[in-house]
Structure formats: C-alpha cells, structure tokens
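Each reported figure results from applying straightforward, stated rules to the coordinates on display, with no laboratory input. A quick note: this is a predicted structure, and the numbers were derived from the prediction, not measured. Cβ placement follows ideal geometry from the backbone for every residue including glycine, while neighbour counts extend to all protein chains displayed.
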Amino acid sequence: MRFSALPLIIQYRVFCIQSKAHTAVLKITYKVSYTMPNPLYDALFAIHAHNDNKFISDPIEKQQLSYSAFVQRAAQFSNVIQEAGLQPGDRLTAQIGKSVSALALYAGCVQSGVVYLPLNTAYTASEVEYFLNDSGASLLIADPEAQAALTPICDKLGASMHTLSKNGLTGSLIDLVELAETSSKTAERTEDDLAALLYTSGTTGRSKGAMLTQSNLLSNAQVLHKLWQFTEADVLLHALPVFHTHGLFVATNTCLLAGAQIIFEPGFNTDRIIERLPFASTMMGVPTFYTRLLAEDSFDKALAQHMRLFISGSAPLLADTHIEFEQRTGHRILERYGMTETNMNTSNPYDGERKAGTVGFPLPGVEVKITDAETGEPTPQGDIGQLEVRGPNVFKGYWNMPEKTAEELRENGFFITGDLAQIDTEGYVSIVGRDKDLIISGGYNIYPKEIELVLDEQPGVLESAVIGVPHPDFGETVVGVLVADSDDLNTAKVESAVAESLARFKHPRKLIVLDSLPRNAMGKVQKNALREQYKDLFS
Ligand code: MCA
Ligand code: AMP
C-alpha cells in the first residue's frame, strides 16, 4: 500500500512510535503524506489493500469476498477503463444490475479518476440517450439485453459500449477485466475534482447532472460513519439500488470507511430480507422497506432484537410507521434527510431522542437555514419556509447549466433545496412540504412536468396535470389527469406511448379524464385541488 493511502491520523501514530534514530527520515515521509493523490480512493479503497476481512457476503448462500480481493477487482476495472482510453475527468455511464461488479466498476472509476454516472435500470433507451448525450460520456456499460436498443444511440453519439450481465458475472466488460492486472495506476485527483455525476430531474422537465466532487462524497461519508457509529463489527443489510446516492454513497461509502461487512441483496425482497436479518446489525432503507416489513407477521421483536440500528431516508417516514415500528420491534428508526445535490444534510441523533416526523439536526459541518422564498431572508424561529443548506457536502453545480446552478446555488454557498421546513425550539428540522412539483414514489423522484410533456403530445389530449396521491406501499404514486380535445382520446394508447418513453416507475397508475382542469384566477392549474379530490384513490 502506498504510505500516503493511510489516513493522516494513523500515519501520525506510526510516526510517533518510531525510534528517535529514524526521526529525520520519518519527517520527510510525514511531509510527503500530505499530498494525497486521490483522497476518495485512498480513504475508501486503498486502505483495504491488505484487509482480509469480509467485505461482501451472503450468509445464506455462504458466499463472501474479502476487502483485499475487492480492491484487486476494482484495480482490474480501473485498468480496463484506462485501456479504453478514458482520461481523468472523462465520464463513464453505467446502466447495470446490482452486483459486486457494479461496485467494483464504481471503485475502478474512482481509481482511474473517471467520473461515474450510474443510471436507473428502469430507464428506457430514449432516457439513456439523453444522459449519454448531455454528459458527453465516452463509454457506456449496459446490460446485454439492452445492447440492441442502445448500440445505435452509442454509434450516433460516438460513445463506446461494453456489456455487463445483471449478476455482474459475464459480458464483454468482464472478458477484459479477467485479463487485466490486479493492480492499477491511481490517477491523481484533488478534493475538488469530480467523482460522480448523478442526474436529478428538474421542474422544467429534463434532468440536470449534479456534479459531486471527491470531497462532497468523502466529507459526508466521514461524518455519517462517526455519527452513526459504524465499526468493522457492523454488518449492513443492503437492499437499495446502487445507482442513487442512498445505496451507492450513504450505505456503501460509510461501510467502506468503517471496514464493515455488507450483505449485498439484489433488491428488496421481503422474504430474503427477513431470512438475512438475523445476520445483520444495521439496515438502511426507504420508508417502503419498513412498511413492507411491518406487513409481515414474522417481523417481530425477536427477529430484530440483535440489530443495532435501522435508518430511513429518501422520502418522508410517516410518524405512524415510526411508532408502529417501535411498538413491534423496540427500535426507534433513525430518520435522516438528504438530496442528490447535497448528500446527507440532517440526521436524528444516534444517542438522544429520535423524534418521529422530524429529520433531526444538521450534520456536523452542515449549516441549515429557513428562509422566506420571496426575500431570501431568514424566517422567525418556528416558521415554515424554504430550506437552504451549506457545507462540504453541497455539490459543485449542474453539469453544463450555469444558469440553473445560479438559480439554486447562492454565491454565498447556500443551496436552495426546494423543500419546505421548520425547526423546533430544540433544533429538530421537519420537512413539512415541497416548494417544487415533485412526487416521491418508493424513494424514486418523479417530476410531473416530464410526464405531462409526454401526455400532452398524445393524440386526443388537450392538456394534462400529473399529481402524486397517497399510496399504501410507495408512499405516493402517480395519477395523470387528462382533458380531451376530441373524441379520439384512447387512454390505452396513451398508456403505451408513456411506456415507450418513460421508465415504469414514472407511469401514472391511473389516468382520469376531466372536462377541464381546475384553475385559479391567474389561470394556474390548482394541483392542490386535484390532490385533495383524488387523495383516497388508492386507500
Ligand atoms: C418499482 N416499481 C415502482 C417503484 N419501484 N413503481 C413506482 N415507484 C417505485 N419506487 C414498479 C415495478 O417496476 C413494478 O411494476 C411495480 O412497481 C411493483 O414492483 P415491486 O416488485 O413491488 O417493486 P420493487 O422491485 O420491490 O421495488 C420497490 C422498492 C424500490 C423496493 C421500493 O423502488 C426501491 O428500491 N426503491 C428505493 C429507491 C432509492 O434508493 N431511492 C434513493 C434515491 P410492474 O408491476 O408493472 O412490473 S437517493 C435520494 O432520494 C436522496 C439522496 C436521499 O435522501 O436518499
Ligand atoms: P433526490 O432528488 O432523489 O435526491 O431526492 C431528494 C428529495 O427527497 C429531497 O429534496 C426531499 O424532498 C426528499 N427527502 C429525502 N429524505 C427525506 C426525508 N427523510 N423526509 C422527507 N423528504 C425527504
């Protein structure tokens, strides 16, 4: 391991215990260690080069991979990326299943200095085309099943493609990885260099690429690791997708820093989770995970007794779920709040009261304030206003969108989240609403405008309004309200057109046809009235 890969504190200890005779030499080494060539790689991966503890395991199927083997695998991916001609700062897009190879690809990108752009596996070919084109990525890693649809897009955009099967075991990428050396040159990066580009939808319809730097990811992981007290004795039950901040950075980076073990599930399957829970000490999930567990009689106190911590985020956890969970298991879920652009911002305390319906306190190093949307001035204590955050966790801006960036990221470093919040007298933050037209279904963000644009194009549709309504499983779900401009409106045809262009999770679960949309005096569609009218559709 390169000496500089050791955290400074350890290096300092090594330095202190050396004999006096070596002091001169060590002083030089200590100085050299200040130039960390790739802070994220060094902290998350290089540190484990000789760690033979388990990293990924499946206690039921008796499979395991050590940290050191993973670091070697990541180096093979890094070599393949470099041999493909990608330079530090270039973008690599991946639309692949959840597998150890997917994680090693992420690590390989960090090592080679390439910006990682993971995509939801549900995205259609036309959605992938947008991301590939907008990011200017030169390499796409895709599922072999998508190869036929994506090859013409890559050809058009001048990008190369490699395939990786859902389980990460086969594909043209693996063929090359198998032949690659198990050590790789680590690209020199600074804390301010980009590590990842994660797309997040916008109110204007099309997605914006959030530029996340090495220090955005590293600083947040360091804070969470400490705050949630992760250690190498922990075993995290990981059932989240690894194409979003929650599963890729919050869950994985925190474990990597701690040297903890991960039970790496391909997705959330309630039976498999219940089977593996006895082997875990912690779990992170979206609220749907917890409501699905509570729906199982076998999920009881005995099953959860040994657990150290359950964490929830990405969508509001209903206070009722929080209370029912505690009654059933004796555990209070720790709720935290974040965004793609900011990583995590607030968290309920590890020690101390975890208040239901709140997202806790600002993380160490993160400032939050509640401001008036009109004036941008702080509101009086306890008032509801827009939530702004500032800290090392806050992204660098939107890829190639300086104007959008300037609208949401103030010059003084505060990012306007678009969430409405209030802070109680003890300092607990509550997210009470959204200043943005956003639906969160099962933890996935859905921007109504993107769906409305597709609906409005369909024959027979005069106009549309897309709303989110309460849903027992997904928290919220999508409903499309249409106004017909002729007798030609065929909702089945509208549904198949939506299926062509948008990922399944964005599809309206119901289409309703009205004579007209409710509007206010200014002519603006009153979505609140529609939400109220259809709030019991799925209850
Ligand atoms: C799957 N479907 C969905 C969703 N997921 N529809 C709406 N919303 C969803 N979230 C579709 C499937 O395609 C399927 O369609 C049908 O719904 C039922 O699928 P099911 O088997 O029940 O779904 P699943 O595979 O069990 O997935 C549900 C899930 C999953 C486990 C809740 O969506 C999930 O893992 N969500 C986590 C999302 C996440 O990681 N968010 C973090 C974003 P059909 O029936 O037609 O086949 S990061 C973030 O928000 C910030 C930074 C933060 O704070 O963390
Ligand atoms: P994303 O754009 O996918 O990163 O989603 C970020 C959004 O998810 C935030 O702006 C919030 O609206 C929402 N969110 C995340 N965590 C929570 C939470 N614990 N409670 C309420 N909303 C949340």
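Quick rundown of the values:
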item	result
On Cα atoms only, tilt of 214-227 relative to the major axis of the chain in degrees	90
Distant-in-sequence amide H partners of F55 (H built 1.01 Å from N, under 5 Å)	L65, S66, Y67
Convex hull volume of region 129-203 per residue (C-alpha atoms, cubic angstrom)	152
Within region 137-167, backbone nitrogen closer than 12 Å to the virtual label 7 Å beyond the Cα of E61 toward Cβ	166-167
Per-selection Kirkwood Rh - the chain (Cα, Å, 1 d.p.)	24.6
Volume per residue that the Cα convex hull of region 216-282 spans, once the total is divided by residue count, Å³	70
I384 versus A295: modelled label distance in nm, points set 7 Å from Cα along the beta carbon direction	2.9
Reachable aspartates and glutamates from K510, criterion Cα separation under 15 angstrom, eight or more residues apart if same chain	E452, E476, E495, D536
Crossing angle, helix 125-135 versus the chain [Cα axis fit, 0-90 degrees, rounded to tens]	60
Extension reserve of the A373-Q147 stretch, reckoned as 0.36 nm per residue once the Cα distance is removed	76.8 nm
Part-to-part distance (alpha-carbon centres) for region 433-450 and region 309-383, which is given in Å	18
Alpha carbon convex hull of region 388-468, volume per residue in cubic angstrom	147
Per-bin percent of Cα-Cα distances, region 53-102 [10 Å]	21, 42, 28, 9, 0
Once the Cα gyration tensor of region 77-204 is diagonalised, semi-axes √(5λ) in Å	21, 18, 13
Theoretical gain in end-to-end length, H50 to R206 [0.36 nm per residue, Cα-Cα removed]	51.7 nm
Region 83-100 - phi-based ³J(HN,Hα) in whole Hz, Karplus 6.51/-1.76/1.60, Gly and Pro as x	5, 6, x, 6, 9, x, x, 5, 9, 10, 9, 9, 10, 9, x, 7, 8, 4
All-pairs Cα distance distribution in region 260-344, expressed in whole percent, bin size 10 Å	16, 53, 27, 3
Under 18 Å from the A529 label point (7 Å along Cα→beta-carbon), backbone N, region 504-520	512-520
